[in-house]
Each structure stands twice: as structure tokens, then as C-alpha cells.
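Bear in mind that the values in this text are calculations on the coordinates, not laboratory data. Since the structure is predicted, the reported quantities are computational estimates derived from the model, not experimental observations. Positions of Cβ are generated from backbone atoms using ideal geometry, with glycine treated the same way; all protein chains shown enter the neighbour counts.
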Amino acid sequence: MLLTKGQIVRFSFILKCLITTSLIVLFDRLFPESFSGARIGCFAGIWLFAILLGRSDVRRSRHACVAFAAAALFAVSLFDDPGPLAWILFWFALSTAVILPRTTGFDDAWHWFGRLGLHALTGIAKPLSDLAWIWRPRRGARTDPKAIAAVLGLPLVGGTLFLTLFAAANPLIAQGLAAIRFPSFWQIALWFLVAFCVWPSLRPHSAVNRLAARMPGPEPVLPGTSLPSVLIALALFNIIFAIQNALDIAFLWSGAALPAGMTQTEYVHRGAYPLIGTALIAGAMALAMLRPGSASERHPWARRLVTLWVAQNLVLVASSALRTIDYIETSMLTAWRIAALAWMALVALGLILICWRILTARSARWLINWNALAAAMVLATCSFVDLGAVAASWNVRAQAPAKIDLCYLSQVGDGALLPIVWLEGRPMDAVTRDRVRYVRDQALKDLAARQSTWTDWTPRGARRLARARALLGPSPARPVPVDQPSWRTCEGSIERPLVPAGKP
């Protein structure tokens, strides 16, 4: 027997309601107290499977399969070692997969940024609009929600009344009703939050593609500019940037003596991030000055000056990277500084692409697509690599044991455990070794405690713990015990309370 179109739509809607309810129940069971551990990856994987079950158009779309495979890859990252970046990338890939069947394919990153933003915004309204659609009365329908409410109103009200009276008269009924535990307000709020995340992935809002199609083009525009103003501005900008780059070449790259009252450290540690911001603004302005159809687009001197200006911005980015590297050498490497260097590399690549776009007359969409691809590759790599562990390993190998910031290593988390174990094997004085042992002992205990519970267990944490125990052996050395009222700081130093003057 063939189903009518209305029956198919009704069955699909009911199936999506069941899938959403099942995912809410699963979320409630997997995360009773905290959102952590490999169970995040398990939930992400089941969510993907649920979308395949409830969305036949996703199964049939070749473009959606690519985005779906990327989402599955990030779900593996969430299972191995969950983190905010992997979860954000998982949501991006998942949302792209559920929107793609309703588009003509992947047109450009500019419109997809708009689609994903609109999908996130309309996702809040979609469950509410679908509830209103269900509640809307239909002519000739016997299953009208208001009619159902009218039919069930008397039984529900009467049943509640009689149960209340019987509970007051019969202690057994009262005890049975008292044993019922209703969910708290925050638990119900969490269920609604999960529903508002899951439901739009099963039923994206139709306004997403409609509003994204109305987005303006990605070409930046500088209003009120003319060819003379562009040429004068480019000449002035090149002179200003040349002064800044000449100072960096003289004092940062060549190491010349600075003016009296300024140290090399002060010059190096200042300005890395403002210079990157300057390069970004300059890149956007360069695109606007040579936008297609403008008077300056084909002017030879405008093209030369813009090319020279972009090249000067590349020198500016290189100086920013050198400042950051010098700062790392004088202090230490951190995960944020690795991210900053990766960001600077992306900015440099973007400037090179701007030059190539100007020389080859490429479109702004081409430029955005290549920059988005480069950024996606860097972010995807960072979602699988523990930058904190990389920073901790570099600090341990590059610095003397006495100069290593053990307080920072203790704050890195699980990623610092193996570097601390390697550090403990290096030659050092007895006081420093005791501090290292304390920090290592605390990190080992914290990781072992998390790996002993299913809620916080992760495969990467299990591998780190097994590797650390294999390196330390069955009886690792312990730090010197500290009796009250003395205590240990985050870097393992022993602190004692001050004794007031005049007291023994």
C-alpha cells in the first residue's frame, strides 16, 4: 500500500520528534552532572547517526556526505580528547551537512558564514514555530490539539483531584506519591537547551537559504573615495609603513642600540598584536581601494602602490612573529602563543593571496574561499593536537630546570604530565627536583582520579597515564612531606607562616 504525501510528512515529523526525545533522554543519562570525558564524542556520534536516520535528503546528497564525514572526524576528536574547539568545528560541519541538501552545493565561504550564523539564530525560533504549527487548528481534522485538550481536560483535572483526596486519606498512596521525584527547573531547562540544538539539525529553518541569498557581496567598499584620494592615501600609507619597518629592521632584526631610556626587552615585548591588527586593516583597505569596477582597479600606479603596501604588511607580520618568538625565548612558550604564531601565519598567507588576487584579477569570493580553507585546515589540526602539551614539551627541552615555570606546567593539565616526567629525569639541584616531583605527583594523582571514573575517562588520558606509569616504574620517588602549618605553592615551593617578631 502506497502512502500519500501527507502521511509521509506526518511520519517523518513524528520520527524526528522521537529522535529528539531519545537524544534528550540520552543526554540526561550521559551527563548527569558534568559535560566532560569521552562520552561527549559518543553523544556526537549518536547525534550524527540520528540525523542519517531522520534525514533522507542528507543520505542522498553527495555534498552533504563530505560535510558529514568532516563532522564524524571531529566526533572522533571529541571522543579521544574533548575540547571547545573540536565541539565548535563539529557543530559547523554538522550544520553544513544538514543545510547542504537544501542548497545547490557549496558556492562560497562568504555565504556559508551567513548560512551558519542564520542557522544558529533561527534554530532558537524553529522549535517554537513548529509547536505553533502543530497547535494551529485545521479544518475537518479530528486530532485538533485544542479538541484533544478539551477531551482530556476533565479526566486530568478530575483524576488529579481524586488522587489528592485519596493521598490525604490513605498513607500508602501518600507515600507512593511522595516517592515520585520530579525534575528540577535547571534539569528541565537543560532538556529544552538540548531540544533547541537537536531539532534544527533535523528541521532547518527555511529562512536560512532565503536570507543568505540576500547577503551583500563580499567586496569591501570605501565610500567617498576617488582615484586621486586613493593614490595620495597609498603614497602616505607606504611612507608611514616604511618608517615602522625601518625601525624594526634597525632595532629588532639587526639589534642596533636603542635610544636612552628604552630597553631591548621593552621594544620586543610591545606591539606584536597591534601590528597584526594593523596588517588586517591594511589588507581590507587594499581590497577596497582596488575593488572591481573602481577607477583605481586598472590604474598602474595604484596597483603598484597597493602591491608595495601589501609587501610592507608582510614585513610587518614577520616583525610581529619575531617579537613573539623573542618573547618566547626570554620567558616561555604557551598554548596561546602557539595559536598567535599560527594566526600570524594565516594573516601572512592572506596578504600573499591578496597580492595574487590583485595581479591575476581574481574575485573576492576566490580570496575568501582560499582563506577559509587555510583557516579550516589550521583549526582542524589544532582540534587534534594538544597545544598545551606541545608548549610544555618545548619548555622542558629548551630551558634549564631551575628556570622552568612549574606553576604554568601545573595549570596546563594532563598534557604537561609526560613533559614533567621527562624533566624529572634531567640533572638538577635537590630543591628543584623536589619541586618537580611535587608538581608531577599532583598531575599524576589528578589524571588517575579522572581516569578512574567513566564520566571523565578519555582514550588520550588513558594513554598518557599508562605512559607516565611505565616511565616512572612501580615505585616513583615522592616529594618531601610537608607538615602543617606549612604548605606548597603551585610551583612546588614550600612556604611557611611568618613568625611574629619576639616569638620563638
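Data for the structure
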| quantity | calculated |
| --- | --- |
| Exposure proxy ranking, count of Cβ atoms within 10 Å, fewest first, for R29, R435 | R29, R435 |
| For region 388-495: relative contact order, % (alpha-carbon pairs under 8 angstrom, 6 or more apart) | 30 |
| Dipole-positive endmost among A402, T455, A443 within region 388-495 (Cβ charges, Cα centre) | T455 |
| Pairwise FRET efficiency - T455 versus L18, Cβ, R0 = 25 Å, nearest 0.05 | 0.40 |
| Highest-first arrangement of 439-447, 119-127, where packing means the average Cβ count within 10 Å | 439-447, 119-127 |
| Least to most buried among S184, S475, S319 (fewest other Cβ within 10 Å first) | S475, S184, S319 |
| Spatial separation of Cα centroids for region 413-439 and region 198-253, in angstrom | 47 |
| Residue order, fewest to most surrounding Cβ atoms within 10 angstrom, among I328, I188, I494 | I188, I494, I328 |
| Cα shape, region 285-436, gyration tensor, a/c 1.5 rule | prolate |
| Among 401-412, 194-205, the order from most to least packed when residues are scored by Cβ within 10 Å on average | 194-205, 401-412 |
| Within-10-Å neighbourhood charge of E297 [Cβ basis; K, R +1; D, E -1] | +3 |
| Low-density loop cleavage sites - trypsin sites (Lys or Arg not before Pro) in region 279-387, where at most 12 other Cβ are within 10 Å (DSSP) | R298 |
